[in-house]
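Q: One structure, as structure tokens, below. Some questions next.
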Amino acid sequence: MTISTTKKLAGITAAAGLIIALAGCGSAPTPAGSGSAAAGGTVVDGFKPCLVSDAGGWDDKSFNESAKNGMDKAVGELGIKAVEFESTNDNDYAPNMTTAISEGCTLIISVGFKLAAATVAAAKANPTLNFAIIDDYADTDFDGKTDAPNIKPLVFNTAEAAYLGGYAAAAWSAQAGVNKVGTFGGMQIPSVAVFMDGYEQGVKKYNEDKSANVQVVGWDSAEQKGSFTGAFDANDTAKQTAQGVLDQGVDVILPVGGPIYKSAAAAIADSGKNTLMLGVDSDLAVADPNVASITLVSIMKAIDVAVYDATIAASKGEFDPTPYVGTLKNEGVKLSSFHDFESKLPAGLTDDLKKLQDDIVAGTIKVESKNSPAGS
């Protein structure tokens, strides 16, 4: 299984040196887990949680926004404040981490694998502080282990939920007589490709169950090749990539990569066809009502819950660096509601999806993806 892809972003490592330099300046802030407990044993003395976003912003309707929602909920319940650092591009990661440390953060959660180098550098230079990272094991030396004992990976076996999404997409396309679905991604990294692996396998399962012949455009799991924009920006490149998939006749498309769903929606609008799309990470029909009318269903990751749980645990001095792996079984990944499409679904589809989910949880069905996180 692929654990990390941070070697593709080795240039970030140099910037992370800023964090190491900072660690030698002044005294370290009070670490989470030290000091006496507050009244009721709720929050340890000096606890200060912080969140550093990936590029894309807090309103990406995807993983950044979900992480922020989880942090906001935790600090709201704890009655404390968090500091949230928004990254506008890759060059912001290390400086934001440096500022978080200088401002006394005791738990720093990084949103996305591209922050791995900065997170590892900060964790090694500040061993009394606690860190967590979403969608990566922080294994920058690729030895199969997280690089520092004070980093908690928050990862998700999204292939399981995507399997259900692929099955649903195939059923919808078959009902319409089109029999062709598509997908495209932002960067080709495990946390993106894992959606596409599960999606394709779900389509194949539908074909097997229903003696159908629904094709998948934009991804080949066996070859690990497909359509990618090279980034997560909603721009002309993303729209053109979406259009390239749509032009092959699909009537359902899965854009994997945060804001690039906006480009897919724009391409669908330009086509004038009744094409639908699937959301990722969050329940897209709820997160962005502007696209609810073309969002069949969303393949969700409980990033908000993982961030919330990690923050609450650290606030009590119970930080545990053991990796969290979201699955269908622990509801770390799941399908959203079909919302307005519920009444339009093929007969028996919801029962089929329930049976598939039960079989995956029981281990009767194995959803295999080389992009799934270790331990899933």
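The values are calculated or read from the model by the stated rules, or taken from the named source; none is laboratory data. From a predicted model like this one, the values you see are computed outputs, not experimental measurements. A quick note on method: Cβ atoms are made from the backbone with ideal geometry, for glycine too, and the neighbour counts reach across all protein chains shown. Please note that ligands, DNA and RNA were not included when accessible areas were found on the heavy atoms of the full protein model with its side chains. Shrake-Rupley method; radii C 1.70, N 1.55, O 1.52, S 1.80 Å.
Q: Quick check for me: using +1 on Lys/Arg Cβ and -1 on Asp/Glu Cβ, what's the dipole size of the range 58-140 about its Cα centre, in debye to the nearest 20? Each step should come with its number before you reach the end.
A: Values: 6 positive and 13 negative charges, 51 e Å.
It comes to approximately 240 debye.
Q: Once amide H atoms are built 1.01 Å from N in the peptide plane, which residues 5 or more positions from Val252, or in another chain, come under 5 Å H to H?
A: Gly182, Leu276
Q: Angle check, please: helix 349-362 long axis (alpha carbons) against the longest principal axis of the chain (alpha carbons), in degrees 0 to 90, nearest 10.
A: It is inclined by approximately 50 degrees.
Q: Just by accessible area at a 1.4 angstrom probe, what is the order of Glu368, Glu200, Glu342 from largest to smallest?
A: On the way: Glu368 120, Glu200 20, Glu342 85 Å².
Sorted descending by solvent-accessible area, the residues read Glu368, Glu342, Glu200.
Q: Once you put a point 7 Å from the Cα of Asn235 and another 7 Å from the Cα of Lys73, both along the Cβ direction, what distance in nm separates them?
A: 3.3 nm
Q: At a probe size of 1.4 Å, how large is the accessible area of Trp172, to the nearest 10 Å²?
A: For Trp172, the solvent-accessible surface is approximately 40 Å².
Q: Out of these labelled values of mean projected area of the Cα convex hull in nm², [x] 18.0; [y] 27.1; [z] 19.8, which was calculated from the coordinates shown here?
A: Of the labelled values, this structure produces [x].
Q: Of Ala306, Thr364, Gly279, which is farthest towards the positive pole of the chain's charge dipole, taken about the Cα centre with +1 and -1 on the beta-carbons of Lys, Arg and Asp, Glu respectively?
A: It is Thr364, whose Cα lies furthest towards the positive end.
Q: Can you give the accessible area of Phe341 in Å² (nearest 10), computed on protein heavy atoms with a 1.4 Å probe?
A: 20 Å²
Q: Further question on the same structure: What is the helix-to-structure angle for 63-78, meaning the angle in degrees between its Cα long axis and the longest Cα principal axis of the chain, kept from 0 to 90 and rounded to the nearest 10?
A: It works out to around 50 degrees.
Q: Rounded, prolate or oblate: which fits the range 136-255, taking a ≥ b ≥ c as square roots of the Cα gyration tensor eigenvalues, rounded meaning a/c under 1.5, else prolate when a/b beats b/c?
A: In terms of gyration-tensor shape, oblate.
Q: Taking the chain as the reference, fit the longest principal axis to its C-alpha atoms, fit the long axis of helix 190-210 to the helix C-alpha atoms, and give the angle between the two in degrees, 0 to 90, nearest 10.
A: Between the helix axis and the principal axis of the chain, the angle is about 30 degrees.
Q: So how do Thr98, Thr88 rank on accessible area, 1.4 Å probe, biggest first, that is with the largest at the start?
A: Thr88, Thr98
Q: With the cut-off at 1.5 for a/c, could you classify the range 185-270 from its C-alpha gyration tensor as rounded, prolate or oblate?
A: On the way: a/c = 2.35, a/b = 1.45, b/c = 1.62.
Oblate, because a/c is 1.5 or more while a/b does not exceed b/c.
Q: Another question, if that's okay. Explain nothing, just the number: dipole magnitude of the range 192-255 about its Cα centre with +1 on each Lys and Arg Cβ and -1 on each Asp and Glu Cβ, in debye rounded to the nearest 20.
A: On the way: 5 positive and 10 negative charges, 19 e Å.
About 100 debye.
Q: To the nearest 20 debye, what charge dipole does the range 255-308 have about its Cα centre, counting +1 at the Cβ of each Lys and Arg and -1 at the Cβ of each Asp and Glu?
A: 140 debye
Q: Let me ask another. Which percent, nearest 5, of DSSP beta bridges in the chain are antiparallel? Working shown, then result.
A: Working: 6 of 41 bridges.
The antiparallel fraction comes to roughly 15 percent.
Q: Using Cα-Cα distances under 8 Å and only pairs 6 or more residues apart, what relative contact order does the chain have, in percent?
A: Numbers: 872 pairs, mean separation 76.6, N = 376.
Relative contact order here is 20 percent.
Q: Moving on. How many angstrom separate the Cα center of the range 229-271 from the Cα center of the range 89-134?
A: 32 Å
Q: Where a ≥ b ≥ c are the square roots of the eigenvalues of the C-alpha gyration tensor, would you call the range 51-118 rounded, which needs a/c under 1.5, or, failing that, prolate if a/b is larger than b/c, or oblate?
A: Note, shape of the range 51-118 comes out oblate.
Q: Using a cut-off of under 18 Å, list every residue of the range 90-133 whose amide N is near the label point 7 Å from the Cα of Phe142 along the Cα-to-beta-carbon line.
A: Zone members listed by number: 113-118, 120.
Q: Let me ask something else about it. For the chain, what does -39500 (n - 2.57) per DSSP helix run (n ≥ 4), summed and divided by total residues, give at 222 nm, in deg cm²/dmol to the nearest 500?
A: -12000 deg cm²/dmol
Q: How many nm is it between the label spots at Lys273 and Asp247, if each spot is 7 Å from the Cα in line with the beta carbon?
A: Once both label points are built, they end up 1.2 nm from each other.
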